[in-house]
């Protein structure tokens, strides 16, 4: 392995830990964007802002004939509103905000890729766009990037996500669906508040809301076919009151995970139906607000095959996870890109053997830095560059 490549990865790991200590929420990634842009400028890579805190970097774009398609490689940059509890030396210094999903690692990996691709730019068979995308965590950042020209001239796109539940270095990248779509719902139950000693004079929104929770949690088991991959979870129940007071109102919230829009429509209809009928039975009023978020992330077969072949070249032909069922029920706004152009999205195992691996969105989660080197090599291969470990670039 060349000293250049070793230094590239060491720098990327340090940068990852710096980004981890200074996380920023969706659409507020100003320091993160500045760090990305400064690094690109130091590498003499042309870049342009996109969708506010997003950044596009382009390599090998001189007008000429190319033997390969123009590909895009994506890294997301935003953090989550979670108070970190890892105790790491590089733990978040921002109260109530942390990189709990590994976007710091995805960003650092893409910057390591940028550094290497710049060093071999003259060998690339086609143009390459690097997409540093904000607001993946529910902010529809990919959609805004597309609207602002991120895919202009791009033929194919590739992305990845670390996944602690999969053994380190194992890949999941099927043809077709890899991650589900999602949505959220809120139910406002309004009854008649009053004294806890006189329930007959009240219309209890807690009791009605509890019945709704019970009924909604049975939708998947009793109203959908067992073959349908879907999740419905009630995740919050807010009815502030005193110990002797039946409140007037309760607010419930939750999320759904769906493989396609037909299942989404079916579940949304059932949520409304169950809530309205339950409200009627308990003598309360209920309002349902449903917010669609992301569609399913569905790989294109040719590009998924390209990604698997590149991973095989980097990690060997046994580095594939065959036990994790797909689709993964989590969601990704990479789906927006795949609705526009051919591409593929992979899950790369981050679970360390013999160690507890905390899941993404846990306050104890930390990105596995050992993934930066192989995924940067994967990205380099997808761009048509020689493998960095076989290249004598110093």
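Total residues in segment 312-338 satisfying the condition of being under 20 Å from residue 71 (Cα atoms) and outside any loop (DSSP other than H, G, I, E, B): the figure is 7.
Here residue 281 fits the description: in contact with a helix residue (DSSP H, G or I) (Cβ under 8 Å, 6 or more places away or on another chain), surrounded by fewer than 15 Cβ atoms within 10 Å (Cβ to Cβ) and assigned by TED's automatic domain parsing to the domain that holds residue 215.
Checking each residue in segment 175-195 for being surrounded by fewer than 22 Cβ atoms within 10 Å (Cβ to Cβ) and within 25 Å of residue 70 (Cβ to Cβ) picks out 175, 176. Would you check if residue 161 is in contact (Cβ under 8 Å) with a residue 24 or more places away in the chain, assigned to a strand (DSSP E or B) and either within 22 Å of residue 295 (Cβ to Cβ) or over 15 Å from the mean Cα position of the chain (by Cα) (or both)? For residue 161, the condition - in contact (Cβ under 8 Å) with a residue 24 or more places away in the chain, assigned to a strand (DSSP E or B) and either within 22 Å of residue 295 (Cβ to Cβ) or over 15 Å from the mean Cα position of the chain (by Cα) (or both) - is met.
Condition first: assigned to a strand (DSSP E or B) and at pLDDT below 95. Now tell me which residues in segment 212-266 satisfy that. None; the set is empty. Determine if segment 1-15 includes at least one residue that is surrounded by fewer than 17 Cβ atoms within 10 Å (Cβ to Cβ) and in a loop (DSSP other than H, G, I, E, B). So far as segment 1-15 goes, yes, one or more of its residues are surrounded by fewer than 17 Cβ atoms within 10 Å (Cβ to Cβ) and in a loop (DSSP other than H, G, I, E, B). Applying the set (1) under 29 Å from residue 128 (Cα atoms); (2) in a loop (DSSP other than H, G, I, E, B); (3) in contact (Cβ under 8 Å) with a residue 40 or more places away in the chain; (4) more than 19 Å from the chain's Cα centre (by Cα) to residue 58 leaves exactly one unmet item: (2). Residue 108 falls short on exactly one of the conditions (1) in contact with a helix residue (DSSP H, G or I) (Cβ under 6 Å, 6 or more places away or on another chain); (2) in a helix (DSSP H, G or I); (3) surrounded by fewer than 24 Cβ atoms within 10 Å (Cβ to Cβ), and that condition is (3). Taking residue 72, is it outside any strand (DSSP E or B), modelled with pLDDT of 95 or more and assigned by TED's automatic domain parsing to the domain that holds residue 159? So residue 72 does not fit the description; no. Of all the residues in segment 62-91, those that are more than 30 Å from residue 117 (Cα to Cα) and either surrounded by 24 or more Cβ atoms within 10 Å (Cβ to Cβ) or touching a strand residue (DSSP E or B) at 6+ places or on another chain (Cβ under 6 Å) (or both) number 2. For residue 66, the stated conditions hold: it is within 29 Å of residue 5 (Cβ to Cβ), at pLDDT below 95 and over 19 Å from the mean Cα position of the chain (by Cα). One residue alone among 286, 250, 310 is over 20 Å from residue 326 (Cα atoms), assigned by TED's automatic domain parsing to the domain that holds residue 336 and touching a helix residue (DSSP H, G or I) at 6+ places or on another chain (Cβ under 7 Å), and that residue is 310.
Could you check, for segment 339-351, whether at least one of its residues is touching a helix residue (DSSP H, G or I) at 6+ places or on another chain (Cβ under 8 Å) and assigned to a helix (DSSP H, G or I)? Yes, segment 339-351 contains a residue that is touching a helix residue (DSSP H, G or I) at 6+ places or on another chain (Cβ under 8 Å) and assigned to a helix (DSSP H, G or I).
The values are calculated or read from the model by the stated rules, or taken from the named source; none is laboratory data. All of these numbers come straight from a predicted model, not from anything done at the bench. All Cβ positions, even for glycine, are placed from backbone atoms using ideal geometry, and neighbour counts span all protein chains on display.
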